[in-house]
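Just below is one structure, and these are the notes that go with it.
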Amino acid sequence: MKLREAMAVLLCTALMISGCNAAAANDKTDETKQADFSRADIKDIRPQDDFYGYVNLSTLKGLTIAPGESAAGAIYSSDIDEDLQAKIKEIATGKENYEKGSCEDIIRKAYNAYLDYDSNDENKKASAKIIESDIQKIMDCNDLNELKNVSSDLLKKYPISPLGNIGISTNDFDPDQYSIIWAQSKNILGLDLEEINKDTSKAEKGEMMVIDSLMAAGVDHDTAENTAHDLMYKIIDIAWATDKDILSGINNFPQRFMSEDEINKLLTNSTAKDIEEWCAITSNPYGEWIVYDPGQIKAYDSLLVEENLEILKAWYVTELVTSFGEYMVIDHPELGKYFPMSGLDFDTRAYYFLNLYYPMELSDLYVKYFYTDEMDAKLMEMCTDIIEGYRVLINDSEWLSEEARNGLELKLDNIVFLTGKTVKDNMKNNSEKADSFKSNLAETLIASNELTYNELIGNLGKTRDRSVIGMSMQTVNACYASDNTVTITAAIMTDPWFDVDNPYYENLGGLGTVIAHEIGHGFDSNLIKFNENGVLDPDWLPENDLNLLEERNNAATEYFENSFKVFEIYCVDGDNTLGENYADLGGMEAIMSTCELLKASDDDYKTVFESYGRLWCALMSDEGIINQLAFDPHSPSVIRTNAILATTEKFYEVYDVKEGDGMYIAPENRIGRWK
């Protein structure tokens with residue numbers, strides 16, 4: 001199991017609101033107020049002073065961060081895993097007959113394939129030999145042309161490629177189509193390029209994995225060490241050539257079309273056709289690519305000379321070992337340290353395995369057994385109400401021109417919600433996948449990967465179906481995509497986000513605020529660049545309106561940097577968290593607008609506010625908070641709660657917040673996304 005993927009699976013039930021920009025810690029020293037809600041001796045907190053502490057104190061006092069973890073709380077734990085594991089075991093060990101290619105059929109076969117591997121040394125040895133044989137193919141290459149041919153073959157079998165972040169994905173300039181995309185690599189062999197840019201010594205932590213991978217391929221230690229060292233220097237070169245504004249998130253949408261001829265002018269040692277061959281792309285019906293970072297492309301191209309053959313082979317071998325080295329441990333026990341899941345019980349390991357290799361079949365299974373029509377009806381009722389709340393905000397924003405308001409309202413009306421019902425409606429049996437199970441696990445996974453590869457390649461030149469959901473429904477998540485769709489997984493419709501039996505306003509303050517946040521991304525500082533059809537078009541709104549929006553961006557940046565602190569020292573980076581903060585801000589305004597339309601009482605408003613505050617209840621280690629400030633585009637939970645409510649007028653009214661209270665912000669310093 002790939003190390004980074006294994007960690008992602010382990011955290012699959014943590015909420016991941018969309019956005020992926022890195023944020024740097026910003027230790028401003030402006031005088032600001034924040035109650036120290038973590039103090040164990042606190043007996044009582046007023047909502048007027050620290051609302052986050054007020055609603056969460058008793059829960060926070062009862063939380064303990066588990067060894068090896070950085071946080072604890074409702075958003076970091078869930079009964080979903082336990083319920084789904086029980087259903088998997090019931091299906092896998094039961095005697096009921098399932099139709100071939102159904103999600104039950106495939107999950108049963110996959111579970112039993114993993115069980116046979118886990119309990120059968122012959123299966124383990126056969127799997128290891130297959131992977132070792134493919135590694136040997138890499139090591140036997142005598143020149144770059146041979147390595148290119150092996151690369152093309154292996155990429156169909158394994159998710160590896162050392163030539164950058166190349167793939168087939170949505171065309172942002174025409175979201176009903178696909179495109180070949182050369183996106184920017186943000187990490188290489190698990191090494192964060194932004195970290196390396198700041199401190200080249202950070203590259204050293206990747207050397208041991210390369211050394212161990214090469215030694216597993218039969219290379220002696222000294223040679224492996226020298227090659228690993230040389231590879232780290234090449235990775236540093238790529239980091240230095242990388243566009244820093246794109247890497248840090250300052251420039252979020254650098255996409256441009258480049259014809260193959262234009263790409264050829266960038267390249268010295270290869271051509272666009274060569275790169276397509278390296279990446280097993282057999283044809284390009286578009287005659288062009290979408291390119292993010294030309295400087296990084298040139299750095300990758302500089303590798304493609306014969307003198308770098310051993311370095312490239314080492315890179316390929318390490319990619320393969322980090323992806324599939326778990327299945328080589330029987331022959332190479334030294335690799336076991338990179339795959340620590342062996343200490344977990346079988347059903348937990350099997351669950352992680354299924355999440356990693358059969359996520360969409362597991363997604364179908366989860367929806368089939370845990371998502372009801374009643375849940376969907378209540379969800380869509382709430383979505384409709386929130387859309388109407390946004391409509392009022394847009395139409396009442398007289399600081400925008402009529403043309404801009406009309407355009408934004410059209411974008412609002414064009415939003416499509418993708419839910420568990422969407423998955424149910426599109427659910428199909430997959431006979432090819434059902435036939436992909438072989439005599440040992442490695443052969444099975446390779447056959448499954450080849451099916452995925454063929455499906456991906458088959459997308460080239462086809463019309464894209466926007467209703468196809470790429471996010472697994474058993475992951476607690478919701479996200480706005482640039483094609484103007486909002487995906488709401490089935491798993492997020494659980495406590496603390498949503499309960500079908502909860503009062504309406506409790507759900508509105510929970511999942512409702514998440515949905516409003518996601519809709520808000522359509523109008524945030526980044527995704528506002530996509531028009532009502534989900535097309536990347538930074539000029540789709542009048543220039544004067546864009547300037548007014550930019551002024552509000554600046555006000556929001558200053559507000560979040562200067563109003564609340566963590567540890568009484570650190571503030572969030574207002575620029576790097578702007579998109580997420582704006583989505584929180586606009587989302588809460590939409591919820592307030594929705595409540596007003598529904599003629600909510602003061603008690604209803606209090607239910608919304610308290611549900612919202614409980615939503616973000618989490619105890620984090622000092623290191624966890626510092627890491628969040630440094631790398632996460634989301635503000636810490638206490639700021640997501642208090643900074644948003646402290647600029648919400650209705651909050652002042654229902655809790656009688658006055659000057660001198662901890663939550664008080666002077667009226668002239670309160671900001672709004674729409675008002």
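Please treat every number below as a calculation from the coordinates, not as lab data. These figures come from a predicted structure and were not determined experimentally. A quick note on method: Cβ atoms are made from the backbone with ideal geometry, for glycine too, and the neighbour counts reach across all protein chains shown.
Assorted remarks:
- Per-residue ³J(HN,Hα) for the stretch 326-339, Karplus 6.51 cos²θ - 1.76 cosθ + 1.60, θ = phi - 60°, Hz, x for Gly and Pro: 4, 8, 10, 5, 4, 9, 9, x, 5, 7, x, 5, 8, 10
- Between 0 and 90 degrees, the angle of helix 121-139 with respect to the longest Cα principal axis of the chain falls at about 80 degrees.
- Each residue of the stretch 277-288 was assigned a 3J(HN,Hα) from its phi angle through the Karplus expression (A = 6.51, B = -1.76, C = 1.60, θ = phi - 60°), giving 5, 4, 9, 6, 8, 7, 7, 10, x, 8, x, 8 Hz with x at Gly and Pro.
- 21 Å tail of the calculated P(r), the stretch 461-614, as % of Cα pairs: 56
- Between the C-alpha center of the stretch 418-449 and that of the stretch 155-227 there is a gap of 27 Å.
- Around the Cα centre of the chain, unit charges on the Cβ atoms of Lys, Arg, Asp and Glu (plus for the first two, minus for the last two) sum to a dipole of about 1040 debye.
- For residue 242, residues with placed amide H under 5 Å, excluding near neighbours: none
- Alpha-carbon spread of the stretch 405-521, three principal axes, descending order, Å: 53, 36, 21
- Cβ-based exposure ranking for 327, 158, in which fewest neighbours within 10 Å come first: 158, 327
- Above 22 Å, the calculated P(r) of the stretch 256-383 contains 64 percent of its Cα-Cα pairs.
- Computed over the chain: relative contact order in percent, which uses C-alpha pairs under 8 Å that are six or more apart: 26
- Straight-line reach from residue 411: taking Cα to Cα under 16 Å and skipping same-chain neighbours fewer than 8 places apart, the lysines in range are 529.
- Amide H contacts under 5 Å for residue 256, placed H, 5+ residues apart: 291
- Across the cross-link table entries 95/421; 125/428; 89/428; 202/313, which are compared at the Cα atoms, the separations over 24 Å belong to 95/421; 125/428.
- Both radii come from the Cα set of the stretch 187-268: Rg as radius of gyration, Rh as Kirkwood radius; their ratio Rg/Rh reads 1.10.
- Net charge dipole size for the stretch 54-187 [Lys, Arg +1 and Asp, Glu -1 on Cβ; Debye, nearest 20]: 200
- Amide hydrogen neighbours beyond the local backbone of residue 178, cut-off 5 Å, H modeled: 171, 461, 462, 464
- 3J(HN,Hα) along the stretch 346-351: 4, 5, 5, 5, 5, 5 Hz, from the Karplus curve 6.51 cos²θ - 1.76 cosθ + 1.60 with θ = phi - 60°, whole Hz, x for Gly and Pro.
- Normalised alpha carbon radius of gyration of the stretch 310-399 [divisor 2.2 N^0.38 Å]: 1.95
- Along each principal axis, Cα extent of the stretch 120-238, largest first, Å: 48, 38, 34
- Computing FRET efficiency as 1/(1 + (r/R0)^6) for residue 306 and residue 533, where r is the C-beta to C-beta distance and R0 is 51 Å, gives about 0.60.
- One quarter of the surface of the convex hull around the alpha-carbon atoms of the stretch 163-335 equals 10.9 nm², the direction-averaged projected area.
- Considering only the Cα atoms of the chain, their convex hull presents on average a projected area of 29.5 nm².
- Only helices enter the 222 nm calculation for the chain: every DSSP H run of n ≥ 4 contributes -39,500 (n - 2.57), and dividing by all residues gives -16000 deg cm²/dmol, rounded to 500.
- Of interest is the spacing of the C-alpha centroids, which for the stretch 621-675 and the stretch 452-525 amounts to 25 Å.
- Sorting 253, 564 from the fewest to the most surrounding beta carbons within 10 angstrom yields 253, 564.
- Going from the residue with the fewest nearby Cβ atoms within 10 Å to the one with the most, 144, 193 rank 144, 193.
- In the stretch 97-132, trypsin sites (Lys or Arg not before Pro) in a DSSP loop with at most 15 other beta-carbon atoms within 10 Å: 100
- Centre-to-centre separation between the Cα atoms of the stretch 328-361 and those of the stretch 87-142: 12 Å.
- In the stretch 163-335, a dipole from Cβ-located charges (positive for Lys and Arg, negative for Asp and Glu) runs towards its positive end, and of 272, 224, 290 it is 290 whose Cα lies farthest in that direction.
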